[in-house]
Amino acid sequence: MILVTGATGNIGSALLEELHLAGAAPVRGLTRDAAHASFPEGIEAVEGDLTRADSLKAALAGARSLFLLSGMGAEAEILAAARRAGVEHVVLVSSITVETHPHLPAAGENLAVEWLLKDSGMAWTILRPTQFASNTLWWAREIRERGVVRAPYPDIGLPAIHPADIAAVARVALTEPGHQGRTYVLTGPERVTVRDQLAASGAVLGRAVPFVEIGRQEAHRQMASLMGDEAADAVLDLMGGDVNDALLAVHDTVFRVTGAVARSFRQWASDNGAAFR
Ligand SMILES: NC(=O)c1ccc[n+]([C@@H]2O[C@H](COP(=O)([O-])OP(=O)(O)OC[C@H]3O[C@@H](n4cnc5c(N)ncnc54)[C@H](OP(=O)(O)O)[C@@H]3O)[C@@H](O)[C@H]2O)c1
């Protein structure tokens, strides 16, 4: 039994699809609200809350593999409960910032979860993805409601990754031998700037998306009201305020693990055009 956490999210929903198509069975998807989950045929929806490890008993019962998102809850307790339930292998989604920006608080927290997993007695595979192409969904509401996107750092190109490629790597790590004890840095196939992303989104919409460049201060004001000061600063650093060679580098890990070239941002925009209409 494979238990997939975050099963209704960007990576998790693609991972359920991957596992379904690969005929991997049985698979269970975790959600806080099974009534709203729509999973591929044959995949069981199970309720549980990652902030309360005691709520995961039914989800973990019989599970031998676990796909876990870092930073969602009480990881020390979750890993202990998984071990007790008989889980043998955990595929963890951490973040590239563990190595590119270790000074940021969220990176430190992800690194701590990686070490908890390595010390857990279970086999592990760690995925360290870069910025997700799906972060662009933040703009979807601006495009729908105001028809214009306002963002800072429009000319910094980062190798954003399609979450389906993280799922593809996770599926291979969960179902094929040779991936235990490995840490994979995952990026998209090329760097894309904000302007490139808007052009790709506009091509899907069939019209140009108007864009206004804003400064860090204004962006910080908007973001801090949603996520707090510290997180807004960290996100702005990663978007362009404090990028470094390690964050800019393109890796071919997706191809090496899955045999398929990583999907482009254009592909992601085409797969998700409906969100912008
Ligand atoms: N965005 C980036 O650029 C980036 C970069 C590197 C790493 N990451 C990492 O990627 C992960 C996010 O992946 P994603 O984009 O696929 O996620 P997502 O689309 O944001 O979805 C989050 C999922 O987690 C579930 N969830 C949230 N709180 C929960 C809780 N308390 N208990 C149980 N389930 C809960 C939600 O399911 P329900 O609502 O159905 O319960 C949802 O399916 C995080 O670990 C993040 O640190 C993100």
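Points to keep in mind about this one:
- Antiparallel content of DSSP bridges confined to the chain, in %, to 5: 5
- P(r) tail fraction, region 7-124 - alpha-carbon pairs more than 19 Å apart, %: 48
- Here region 62-177 yields Rg over Rh of 1.06, to two decimals, using C-alpha coordinates and the Kirkwood radius.
- Region 98-236 - Rg over Rh from alpha carbon coordinates, Kirkwood radius: 1.03
- Globularity ratio of region 215-277, using Cα Rg and 2.2 N^0.38 Å: 1.51
- Each listed q (0.14, 0.18, 0.21, 0.32 Å⁻¹) maps to a log10 I(q)/I(0) for region 96-149, found by the Debye formula over equal Cα scatterers with no solvent: -0.56, -0.71, -0.81, -1.15.
- Near residue 185, the amide H atoms lying under 5 Å from its own belong to 128; only residues 5 or more places off or on other chains count, and H is placed 1.01 Å from N.
- Cα gyration tensor shape for region 69-122, rounded if a/c is under 1.5, else prolate or oblate: prolate
- Dipole magnitude for region 63-216: computed about the Cα centre from +1 point charges on Lys and Arg Cβ and -1 point charges on Asp and Glu Cβ, it is near 320 debye.
- Put a dot 7 Å past the Cα of residue 112, heading toward its Cβ, do the same for residue 76, and the two dots end up 0.8 nm apart.
- Two-site FRET efficiency, residue 44 against residue 226, from Cβ-Cβ distance with R₀ of 30 Å, rounded to 0.05: 0.35
- The translational diffusion coefficient of the chain, from Stokes-Einstein at 25 °C and 0.890 mPa s with a Kirkwood hydrodynamic radius over alpha carbon pairs, comes to 126 µm²/s.
- The orientation-averaged projection of the convex hull spanning the C-alpha atoms of region 162-277 amounts to 9.2 square nanometres.
- One decimal place: the segment residue 55-residue 244 gains 64.0 nm when fully extended, by the rule 0.36 nm per residue minus the C-alpha distance.
- Counting neighbouring Cβ atoms within 10 Å and putting the fewest first, the residues 139, 115, 268, 124 line up as 115, 139, 124, 268.
- Per-residue HN-Hα couplings for region 142-153 [Karplus 6.51, -1.76, 1.60; θ = phi - 60°; Hz; x = Gly/Pro]: 4, 5, 5, 8, 10, x, 9, 9, 10, 8, x, 6
- Legend: translational diffusion of region 8-64 by Stokes-Einstein, Rh = Kirkwood radius over C-alpha pairs, 20 °C, 1.002 mPa s; D = 182 µm²/s.
- Charged-residue dipole, Cβ positions (Lys, Arg, Asp, Glu), region 226-277 about Cα centre, Debye nearest 20: 560
- Loop-located trypsin sites (Lys or Arg not before Pro) in region 60-104, at most 16 other Cβ atoms within 10 Å (DSSP): 64
- Order of 155, 196 - criterion: other Cβ atoms within 10 Å of each residue's Cβ, fewest first: 155, 196
Where a number appears in this text, it was derived from the coordinates with a stated rule and is not lab data. Remember, predicted model here, so these are calculated numbers, not experimental data. Heads up, the Cβs are rebuilt from the backbone with ideal geometry, glycines too, and the neighbour counts pull from every protein chain shown.
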